[in-house]
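A short write-up of the structure that comes next.
The values are calculated or read from the model by the stated rules, or taken from the named source; none is laboratory data. Bear in mind the structure is a predicted one, so any value in this text is a computation, not a measurement. In this analysis, Cβ positions are derived from the backbone assuming ideal geometry, glycine residues included, and neighbour counts consider all displayed protein chains.
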Amino acid sequence: MAKEIRTESLKAWYGTSQILKGIDLHIEKNSITAIIGPSGCGKSTFVRCLNRMHEVADGALVEGKVWFENQNLYDPAMDPVDIRRRIGMVFQKPNPFPTMSIFDNVASGLRLNGMRNKQALTEAVEKSLKMAALWNEVKDRLNHSGMSLSGGQQQRLCIARALAIEPEILLMDEPASALDPISTGHVEDLIGELKKEVTIAIVTHNMQQAARIADKTAFFLSGELVEYNNTETMFISPLDKRTEDYLTGRFG
Ligand SMILES: Nc1ncnc2c1ncn2[C@@H]1O[C@H](COP(=O)(O)OP(=O)(O)OP(=O)(O)O)[C@@H](O)[C@H]1O
């Protein structure tokens with residue numbers, strides 16, 4: 001079931017460089033929130049803090065709180081592995097497990113969680129591939145390598161893999177930037193459908209994409225959240241001059 005997530009004074013560093021300078025952002029449940037801003041402003045770092053991936057990097061540090069419903073994900077009692085299961089991630093470049101079949105790619109997380117029953121696995125794989133709008137294209141070749149698919153199909157396979165373990169939040173870091181316009185369209189349609197099941201935060205460089213799919217948009221600049229609003233409102237009448245300059249292509 002979809003959940004909301006809310007950051008409170010979220011700060012992040014790589015070594016001595018402070019990347020996030022205290023972000024308060026509410027990502028509402030069953031919505032799509034786009035994170036936009038110029039290169040290097042901290043968008044990826046922000047989403048990686050939401051599922052405790054940031055801390056995996058050398059010299060990385062996080063301060064502040066991330067509320068997942070009423071639990072702070074940075075509470076010492078929280079298990080990062082469990083958090084990453086509940087808050088899934090899809091990356092910029094499709095990254096299917098290269099030695100695995102299509103079926104095994106999608107089943108991998110379920111098997112890690114201990115699911116062994118073949119019938120249950122088969123049903124879950126089918127459901128995830130259907131949710132990722134890939135089932136019809138691969139149902140007759142589930143035992144082929146995941147690498148045999150096109151780039152756009154591989155990205156939908158990665159989305160199916162993330163969905164298989166039924167995350168409550170899905171973080172997407174420029175999921176369509178490596179795809180051609182037709183595949184991008186498929187992935188965008190899919191994201192629009194998925195918000196019924198899962199809350200989505202998506203990093204994108206593509207303003208048109210944010211305008212097409214996001215309910216809410218957050219504009220980041222130099223590690224700060226400059227503006228957050230309904231996407232339409234922000235695009236039509238941004239409140240901050242810096243947002244307007246970015247949206248009109250004056251910088252970034
Ligand atoms: N592993 C790392 N080690 C050190 N610095 C890093 C690392 N990853 C990112 N950075 C730095 O952190 C800053 C923010 O990077 P981040 O990837 O969060 O920005 P972004 O807004 O997502 O950028 P882009 O749009 O170019 O992907 C940048 O200055 C970047 O160079």
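Tabulated data
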quantity	calculated
Inter-residue pairs, beta-carbon under 6 Å, first acidic (Asp, Glu) and in the range 16-44, second in a strand (DSSP E or B), 6+ apart	Asp24/Glu8
Residue in the range 15-37 that is within 27 Å of Gly114 (Cα to Cα), among the aliphatic types (A, V, I, L, M) and modelled with pLDDT of 95 or more present	no
Qualifying residue in the range 80-91 (condition: touching a strand residue (DSSP E or B) at 6+ places or on another chain (Cβ under 8 Å), among the aromatic types (Phe, Trp, Tyr) and touching a residue at least 40 places away in the same chain (Cβ under 8 Å))	yes
Sole exception among (1) part of a loop (DSSP other than H, G, I, E, B); (2) in contact (Cβ under 8 Å) with a residue 60 or more places away in the chain; (3) buried (at least 16 other Cβ atoms within 10 Å of the Cβ) for Tyr74, by number	(2)
Candidate set from the range 2-60 (those that are on the phi > 0 side of the Ramachandran plot and surrounded by fewer than 20 Cβ atoms within 10 Å (Cβ to Cβ)); member that is farthest from the ligand (Cβ to nearest atom)	Asn30
Some residue of the range 190-200 being charged (D, E, K, R), within 28 Å of Ser237 (Cβ to Cβ) and either in contact (Cβ under 8 Å) with a residue 12 or more places away in the chain or buried (at least 23 other Cβ atoms within 10 Å of the Cβ) (or both)	yes
Within the range 103-128, considering residues that are under 21 Å from the mean Cα position of the chain (by Cα) and under 19 Å from Met147 (Cβ atoms), the one surrounded by the most Cβ atoms within 10 Å (Cβ to Cβ)	Val106
Candidates Asn229, Asn143, filtered to the one that is surrounded by fewer than 22 Cβ atoms within 10 Å (Cβ to Cβ), within 30 Å of Lys241 (Cα to Cα) and of a type in the set (S, T, N, Q)	Asn229
